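*Asks:* Next up is a structure, given as structure tokens.
The values are calculated or read from the model by the stated rules, or taken from the named source; none is laboratory data. What you see is a predicted model; the values in this text were computed from it and never measured. Glycine gets a Cβ as well: all are built from the backbone with ideal geometry, and neighbour counts include every protein chain shown. The accessibility values were calculated without ligands, DNA or RNA, using every heavy atom of the protein model including side chains. Shrake-Rupley method; radii C 1.70, N 1.55, O 1.52, S 1.80 Å.
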Amino acid sequence: MILEFSGGKDSLVVLHKFRDQIKTVIFADTGSVFPHCVDFVKRTCEKYELPLVIVRSPVNVLDWTDERGLPSDTYIHKAPNPNMNLGLQRPEECCGEMIWKPMQNYLISIGAGTVLRGQKASDHHVSLGAEFFFGSICYVNPLWEWTDQDVFNYINEHDLEIAEHYN
């Protein structure tokens with residue numbers, strides 16, 4: 001199994017719970033990730049002796065946002081021309097280009113079968129469910145029915161180190 005690890009609390013719990021079954025951890029470095037997050041991801045993978053692959057978009061994130069605008073949850077497209085840059089873009093556009101597409105391309109290139117993720121049904125931006133297929137890859141969200149409180153309870157019960165931005 002492969003884990004998509006963001007360095008966040010949810011994917012940390014998935015890493016911990018399935019550490020003996022995970023063969024590879026992948027992390028998307030968009031080019032604008034806080035340095036402490038990258039350090040945390042590297043340190044955590046070293047601690048659990050899990051191989052880490054960092055994937056990057058071939059597109060520079062600064063060039064992308066200069067051209068398309070900043071990602072915003074409040075984006076409403078009202079331009080008379082859909083290609084007109086209003087200074088904002090839907091987060092899915094930016095994340096798609098900077099995170100999901102590079103990870104998907106990597107997973108396809110290695111013939112991945114099962115990929116673990118830290119998504120929950122209660123998350124603001126949710127995926128396609130507890131388990132779904134994209135092509136031949138099976139994505140599994142083992143924390144799908146968990147709440148944030150369940151996640152923090154697990155972290156506390158197992159005395160897991162979390163990224164410093166949670167403090």
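*Asks:* Quick test of your reading of the structure: Thr24 fulfils all but one of (1) of a type in the set (Val, Ile, Thr); (2) at pLDDT below 90; (3) in contact with a Pro (Cβ under 6 Å, 6 or more places away or on another chain). Name the failing condition by number.
*Replies:* Thr24 satisfies every listed condition except (2).
*Asks:* Could you list, in sequence order, all residues of region 55-66 that are open to solvent by 50 Å² or more (accessible area, probe 1.4 Å) and within 14 Å of the chain's Cα centre (by Cα)?
*Replies:* Arg56
*Asks:* Looking at region 108-134 only, could you name the residues that are aliphatic (A, V, I, L, M) and open to solvent by 30 Å² or more (accessible area, probe 1.4 Å)?
*Replies:* So the first thing to find is which residues in region 108-134 are aliphatic (A, V, I, L, M), and the list is 108, 110, 112, 115-116, 121, 126, 128, 130.
Within region 108-134, Ile108, Ile110, Ala121, Val126, Leu128, Ala130 qualify.
*Asks:* Hey, another quick one. Report, by residue number, each residue of region 154-165 that is over 17 Å from Ser122 (Cβ atoms) and either open to solvent by less than 100 Å² (accessible area, probe 1.4 Å) or in a loop (DSSP other than H, G, I, E, B) (or both).
*Replies:* Of everything in region 154-165, those that are over 17 Å from Ser122 (Cβ atoms) and either open to solvent by less than 100 Å² (accessible area, probe 1.4 Å) or in a loop (DSSP other than H, G, I, E, B) (or both) turn out to be His158, Asp159, Leu160, Glu161, Ile162, Ala163, His165.
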